[in-house]
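Here the structure is laid out as structure tokens; the discussion comes afterwards.
The values are calculated or read from the model by the stated rules, or taken from the named source; none is laboratory data. Worth saying up front: this structure is predicted, and the values here are computed from it rather than measured. Because the Cβ atoms are built from the backbone with ideal geometry, glycine has one as well, and the counts that use them run over all protein chains shown. These accessible areas exclude ligands, DNA and RNA; they are computed on the full protein's heavy atoms, side chains included. Shrake-Rupley method; radii C 1.70, N 1.55, O 1.52, S 1.80 Å.
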Amino acid sequence: VGMVFFSDRIEKYIPPKKGRKHILHLIREMLDFQPSSTHTDLSVALQFLMQVMKRRCSAFLLSDFVIPDANYSHPVFQMAGRRHDLMAIQVYDRWLAQLPDVGLIKVVDAETGYEQYVDTSSSKLRRLYSRHWQENQSRLSEVMSKSRISQVSVSTEGDFVRALKEMF
């Protein structure tokens, strides 16, 4: 098992190895890792995967897939999906899918730092937000399907074991 930490660039690469000691090292790295950038570019990670893994492998792409101006139609998605057994695992919070009715809240974009106040008591806003989420999910599913990349979405509150079993 190996690991690539990425943002809009490759932050850290741990080559695949066997053994319990290596797995514990990976877990430590996951817990301690602090990215140097707040931006995300999935195509950078996939291009890196294509460069370092010459033979067919199984790879998991863990992300929330909430990326402004994401270019999911980038050719590297299709190339990576053909060359490797690639599985996209989307981890999301239920509030990303549906805004709660809690009144006026301050929201901050984690990637850009942009701050804005939003009135979540507006049912029209909640409907538009929900529709936007569904459209993005449909677009993501369509691209992953065309690229031959297996995909599963896992809620932070849901049973991730069942979702992963369904994917396999």
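Is there any pair linking a residue in region 26-46 that is at pLDDT 90 or above and of a type outside the set (S, T, N, Q) to one that is open to solvent by less than 60 Å² (accessible area, probe 1.4 Å) and assigned to a loop (DSSP other than H, G, I, E, B), with Cβ under 6 Å and at least six apart or on different chains, and which?
Cβ pairs passing all conditions: Pro35/Ser7.
Every residue, every condition in (1) β-branched (Val, Ile, Thr); (2) over 26 Å from Ala163 (Cβ atoms); (3) open to solvent by less than 100 Å² (accessible area, probe 1.4 Å); (4) assigned to a helix (DSSP H, G or I), yes or no:
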| position | (1), (2), (3), (4) |
| --- | --- |
| Lys54 | no, yes, no, no |
| Ala59 | no, no, yes, no |
| Leu99 | no, no, yes, no |
| Ser121 | no, yes, yes, no |
| Lys124 | no, yes, no, yes |
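Condition test on Asn71, is it part of a helix (DSSP H, G or I), under 24 Å from Thr38 (Cα atoms) and modelled with pLDDT under 90?
no
If a residue has to be open to solvent by 50 Å² or more (accessible area, probe 1.4 Å) and over 19 Å from the mean Cα position of the chain (by Cα) to count, how many in region 2-31 make the cut?
10
Any residue in region 97-115 that's under 18 Å from Leu128 (Cβ atoms): show its pairings with residues that are in a loop (DSSP other than H, G, I, E, B) and open to solvent by less than 90 Å² (accessible area, probe 1.4 Å) at Cβ separation under 7 Å, as long as the two are six or more apart or on different chains.
Leu99/Thr120; Pro100/Thr120; Asp101/Thr120; Asp101/Ser121; Val102/Thr120; Gly103/Thr120; Gly103/Ser121; Ile105/Thr120
When residues of region 81-134 are filtered for being of a type outside the set (A, V, I, L, M, F, W, C) and farther than 30 Å from Gln47 by Cα, how many remain?
Qualifying residue count for the region: 20.
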